[in-house]
Every structure is written in C-alpha cells, then in structure tokens.
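Notes to accompany the following structure.
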Amino acid sequence: MTDQHPKGGPHITQERRLLTSIPGPRSLELADRKARAVASGVAVGLPVQVVAAGGGIIVDADGNQLIDLGSGIAVTSVGNSAPRVVDAVSRQLAAFTHTCFMVTPYEGYVALAEKLNELTPGTHEKRSALFNSGAEAVENAVKIARSATGRQGVVVFDHAYHGRTNLTMAMTAKNMPYKTGFGPFASEVYRAPLSYPFRDGGRSGGEAARDAIDQIEKQVGAENLAAVVVEPIQGEGGFIVPAEGFLPALVSWCRANGVVFVADEVQTGFARTGELFACEHEGVVPDLIVTAKGIAGGLPLAAVTGRAEIMDAAHPGGLGGTYGGNPLACAAALAVVETIEAEGLVDRARDIGKTMLERLTALQEKDPRIGEVRGRGAMVAVELVRPGSTEPDADLTRRVAAGASAKGMVVLTCGTYGNVLRFLPPLSMPDHLLDEALDLLAATFQES
C-alpha cells in the first residue's frame, strides 16, 4: 500500500521537517520493493518515497519534509503541481487524452508551437516540432540539420551531455554511467574542446573558440559538417559557463560556413538561468533550439524550434512520433509559460541566483576545498577540489551531498570528474527556505 498525501502543490507548508532519519522506514520499504521489481540499471540518488511536493518542499511517506534543491533535474521550475498547470491539465484530461497529432490534430499542439516560435531568440520566421524527451528532441534536431544541409557530421563538446539514446550517447562525453557497455554508437559525431574557465588557464572565450574551430576545420571540415550542438551552460558536465565570447564566435563561424548552430537548452530553458533562454545572456540567436525539462511542469514534452527554412527541410512524415505533443503535455506547457509571465519567474530566477552566488562565494572564501562557484540565475554549482589545486575531489562531493540529504535537503551532483554540487531550486521556493538550505549547506561543509 502506498501512502497518499491529501494535499500537494502550493498547499504544502513551506518548512523543513524531519520526523525520522533520511530515508525513513516507509521509504526503506519502497527501496526494498524497488530492488526486487525494478531493473538495477535504474538507480536513484536519494531513496525517499515521495507522496507530495510543492513550492520548495518534497514530502515523503514518513512525513518528512525536505528542501528541494533539484526540481526533478530542472523540470519543476514553476513548482510541483503549480495551480495553472493543474487546472489546464485537468481541463484537457476531461476533454481527451490522446489522438496522435499526426492522425487527427488539435489546437493545443499548434498553440504551443506558436508560443515557442514567439518566445525563442530571434525575430526570423520559425517553425516548431514537438517530441517526448530532451534526447529525442536532440536527435530530431540533428535529423533536421542533416536534411537541411545534405551533410552528416555533427560536432559536440568536451563534458557535454545530450541524452541516453544511441545517437545522444555518442554525443555525450561522460563514459560512466551513460555509455560504458552500450556501444557501438552512432557515427559522424566529433568532439571539440569547450571553454571551461576554471580549468582553461585564463583563456578568453574568443581564444577558446579559435581552438575549437581550428580543431573542427582540421579534423572534420566545414564542408562535411551539418551541425554544431552545444549547451549554452553545460548541465551534467558540471554547470560549466563558457567564457564570454565563446558562443558568439561559434555562431559567427557556423553562419559563415553554412553549418546549423543548435542550442541544447533542455536544462537551461524556461527562465532557469535568469533569462527565458540561456542564449539570451550573450544575444546568441541559434538556428535551432532544443527545449524540454522545464517546458511542461513535470509532464513529458520536448521541442525543436528554429528557422523556418531549416525546419521545413525534412520531408512530410519525416518528423513525429506517437506521443509527441501529447495534448495533456501541451496544455501543461502553455500553463507553464503563463505562470512564468504572471509570477515574474525570470526575475525570480535572478534573485535566487544573486542570493546563492553571494552566500556560496562567502563560503568559498572560508573553505579552500571550494575551487569555484559558478552559474547563472537559479542554476548554480560549486566545484570541489583538493585545497590549493584544481584536482577534483569526488569523495568530498559525495560526503557533502550525503550530509545534506541527512539534514533534509535534495542535492544533486554532476561533472565529468564527479566533483560538482549543482543547485536547481524551484523558482517557487520562498526566501526563508533558500536561506535555511544555504545555512544547512554551510554546516554540512564544516562537518565534512
């Protein structure tokens, strides 16, 4: 029997509360059931049995209330069970749940495509296509770019993460746990060096871009290249913010060489970084932009949006999928956009980021194990190292994350070297919870 919490979403009291150790006995029961029923390849970070969530709180089956610094990996940016999302999905649920847009279309899909065409960077004519997941959308962006250019090559970057399908595993840099044992992978995928300011020895964004472009020209050749695919701020790779000028230089080179510039904004999109899309921090206008995660408030949805002449290059029937642009997910996404606008969540992301960067930087000044504090908006990370060096300290990262969990916080890790703590609080999190989380984090560092 699964415990049910009578009230979710905004009805949850916004306070941390620990009634048992984390995880508690009810959650441990579910962990035992999971071990006997679910494939072992599906791992979990914090084995608590969630029964409700809202604002900045996750409630477990033991009655514990944890501060959520993960947002389901940047998915519930507007908050879990946000009222507009619940209302919109409920109305759609009562009308119809599915027809397959490719069989008998419906307005929700078209309305969301119109909204994405309006909101994404650039004033050029655009088209959109809807899918189920970020990885699926990345694959389709590559398909579209290849169709538009007649070329096959795809360039991605060091530390990149683009998904778990065969093509996106090839595009992803990190071997464990994403790639090992799952090959062979798709061909015609090439890797270039990224701008990584903490580890670049002072290279500017322009210099890093020249190094990347030089390698692309020598090892791939522009005439063979369909697309350059890059996360404006890397996610799983460590929340790496490229140095200023890196992305614009790549865009300029792509434009000059007929290469499609694809921005993977799966984790950075929809207000997360203090702009609606992370590209906007440097005025970058991608040819194609890939969105997912925060787009639909927790329902599975993704999109590719881009220049009409590129998007329309694929032949009729070449794009689609049974569930892509499901009517429930489209209703949720339109409600997410309405919530972002009505509640000023772009500004809220900036406020959260300001608080987090100030507090974490102050912590860094006292703790030499914090090599760098970085991020934009409510997408912030700390990279942990051996004191006085840039040597990654993955063991410390695990200890801090475990200590934070024991205190009642959901904290995620990431990074090629496993040494980055990443923070993705819901934009609906109240200030007092954010302050408490940062106090608890400081205490955790002292104890670790």
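Some notes on this structure:
- Length gained on full extension, VAL103 to THR20: 24.8 nm, using 0.36 nm per residue less the C-alpha separation.
- For a label point 7 Å along the Cα-to-beta-carbon line of ALA308, residues of segment 119-139 with backbone N under 14 Å: 123-128
- Scanning residues 5 or more positions from PHE157 or on other chains, those with amide H under 5 Å from its amide H are ALA192, with H placed 1.01 Å from N in the peptide plane.
- In this label model, ALA43 and ASP211 are separated by 3.0 nm, measuring between points 7 Å along each Cα→Cβ vector.
- Under 5 Å, built H, 5+ apart or other chain: amide partners of GLY371: GLU383, LEU384, VAL385
- Magnitude of the charge dipole, segment 330-448, Cβ model with Lys/Arg +1 and Asp/Glu -1, debye to 20: 340
- As a rough guide to protection, the peptides 374-381, 38-45, 110-117 ranked by mean Cβ packing within 10 Å, highest first, stand as 374-381, 110-117, 38-45.
- Computed from the alpha carbon positions, the gyration tensor of segment 124-269 leads to an equivalent ellipsoid with semi-axes of 21, 19, 16 Å, biggest first.
- Within the chain, helix-based [θ] at 222 nm, where runs of 4 or more DSSP H residues each add -39,500 (n - 2.57), nearest 500: -11500 deg cm²/dmol
- Neighbour counts of other Cβ atoms within 10 Å put SER27, SER90 in the fewest-to-most order SER90, SER27.
- Using the average count of surrounding beta-carbon atoms within 10 Å as a protection proxy, the listed peptides 64-72, 384-392, 427-435, 97-105 rank, highest first, as 64-72, 427-435, 384-392, 97-105.
- Exposure proxy ranking for PHE277, PHE270, based on other Cβ atoms within 10 angstrom of each Cβ and starting from the fewest, stands as PHE277, PHE270.
- Pairwise Cα distances in segment 230-385 exceed 20 Å in 58 percent of cases.
- Couplings 3J(HN,Hα) for segment 238-247, derived from phi with the Karplus relation 6.51 cos²θ - 1.76 cosθ + 1.60 (θ = phi - 60°), are x, 6, 7, 9, x, 4, 4, x, 5, 5 Hz, where x marks Gly and Pro.
- Among SER195, ALA243, GLY183 - extreme Cα towards positive end, dipole of segment 139-245, charges at beta-carbon: GLY183
- Stokes-Einstein diffusion of segment 84-342 at 25 °C, 0.890 mPa s viscosity, Kirkwood radius from Cα pairs, rounded to a whole number: 132 µm²/s.
- For segment 32-38, the Karplus equation 6.51 cos²θ - 1.76 cosθ + 1.60, evaluated at θ = phi - 60°, returns couplings of 5, 4, 4, 4, 8, 10, 10 Hz by residue, with Gly and Pro reported as x.
- Put a plus charge on the Cβ of each Lys and Arg, a minus charge on the Cβ of each Asp and Glu, and nothing anywhere else: the dipole of the chain about its Cα centre is then about 880 debye.
- Convex hull volume of the Cα atoms of segment 404-448, normalised per residue: 73 Å³.
- FRET efficiency estimate (nearest 0.05) - Cβ-Cβ, TYR323 to ASP395, R0 30 angstrom: 0.15
- Normalised by 2.2 N^0.38 Å, where N is the number of residues, the C-alpha radius of gyration of segment 10-152 stands at 1.41.
- Space enclosed by the convex hull of the alpha-carbon atoms of the chain, per residue, Å³: 144
- Note on PHE185 and GLU223: their simple-model spin labels are 2.8 nm apart, each label 7 Å out from Cα toward Cβ.
- Based on Cα contacts under 8 Å between residues 6+ apart, segment 214-323 shows a relative contact order of 20 percent.
- Report note on the peptides 127-139, 13-25: ranked by the mean count of other C-beta atoms within 10 Å, highest first, their order is 127-139, 13-25.
- Dividing the mean sequence gap of close Cα pairs (under 8 Å, 6+ apart) by how many residues the chain holds gives a relative contact order of 21 percent.
- Exposure proxy ranking, count of Cβ atoms within 10 Å, fewest first, for LYS126, LYS218: LYS218, LYS126
- Distant-in-sequence amide H partners of LYS126 (H built 1.01 Å from N, under 5 Å): ALA308
- Rounded to whole numbers, the Karplus 3J(HN,Hα) couplings from phi for segment 302-308 are 8, 8, 10, 10, x, 4, 4 Hz, using 6.51 cos²θ - 1.76 cosθ + 1.60 with θ = phi - 60°, and x at Gly and Pro.
- For segment 161-247, the Kirkwood hydrodynamic radius from C-alpha pairs, put into Stokes-Einstein at 20 °C and a viscosity of 1.002 mPa s, yields a diffusion coefficient of 153 µm² per second.
Coordinate-derived values only; no laboratory data. If you're wondering where the values come from, they're calculated on a predicted model, not measured in any experiment. Neighbour counts run over all protein chains shown; Cβ positions are idealised from the backbone, glycine included.
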